[in-house]
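Take a look at the structure set out below.
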Amino acid sequence: MIRRLEIKDINRVIELENSVFNHSLGYEFLEKASKSEIAYVYVDINDNFIDGYISTIFDGKTIEILNFCVDKDYQRQGIGYKLINYVFDELKGKGAKDSILEVRRTNNPAIGLYEKVGYKKIHERKAYYSDGEDALVLQIKF
């Protein structure tokens, strides 16, 4: 089941981010996002367990994916594909024309998923991440 992020979910999402990324957007950010009119943050719940989440900002035209992850034990089971398509379906109905995101150049599993749903590389950002790794900027037009 996919639903909007609730305050009670935040600690699990932080745990999930730390497990997958070794850092988190943090409680304050996620709390504000859960109350924001432009943030669309969704969790995937399986047997009362949050196994994935996606955080986006939507300005009425463009969906910007900020963070997106699936628990390591649940990856490659279609959860990420389900989450991203859920966001697209929800926000296309609200006028979304495209989506944009940054991804680490070396994150091949994520890049594969993004290409599978239709994203294309439009730009590179050199030394974008704190460790100096480049980011690829991807976009999909609806």
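Only the coordinates and a few stated rules stand behind these numbers; no lab work does. For clarity, every value in this text was computed on a predicted model and none was experimentally measured. Note that each Cβ is placed from the backbone with ideal geometry, even for glycine, and that neighbours are counted across all protein chains shown.
Numerical summary
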read-out: Karplus-derived HN-Hα couplings along the stretch 98-111 (A = 6.51, B = -1.76, C = 1.60, θ = phi - 60°), whole Hz, x at Gly and Pro; value: 7, 9, 9, 7, 10, 9, 4, 3, 8, 8, 4, x, 5, 4
read-out: Per-residue HN-Hα couplings for the stretch 59-65 [Karplus 6.51, -1.76, 1.60; θ = phi - 60°; Hz; x = Gly/Pro]; value: 9, x, 10, 10, 8, 9, 7
read-out: Matching label, volume of the Cα convex hull per residue in Å³ computed from the structure shown, candidates [x] 212; [y] 105; [z] 183; value: [y]
read-out: Within the chain: Cβ-based charge dipole about Cα centre, in debye rounded to nearest 20 (Lys, Arg +1; Asp, Glu -1); value: 560
read-out: Pairwise Lys count, the stretch 2-100 - Cα closer than 24 Å, eight or more residues apart or different chains; value: 20
read-out: Helical mean residue ellipticity (222 nm; -39500 (n - 2.57) per DSSP H run of 4+; nearest 500) of the chain; value: -9500 deg cm²/dmol
read-out: Virtual spin-label span in nm between Lys35 and Phe49, 7 Å along Cα→Cβ; value: 3.2
read-out: Fewest-first sequence of Arg104, Arg3 by Cβ atoms within 10 Å of each Cβ; value: Arg3, Arg104
read-out: Integer Hz, Karplus 6.51/-1.76/1.60 couplings in order for the stretch 129-142, x for Gly and Pro; value: 8, 4, 8, x, 6, 6, 10, 9, 9, 10, 9, 10, 10, 8
read-out: Cβ-Cβ FRET estimate between Glu124 and Lys61, R0 fixed at 41 Å, reported to 0.05; value: 0.95
read-out: Positive minus negative residues near Arg3 (Lys, Arg vs Asp, Glu; Cβ under 12 Å); value: -2
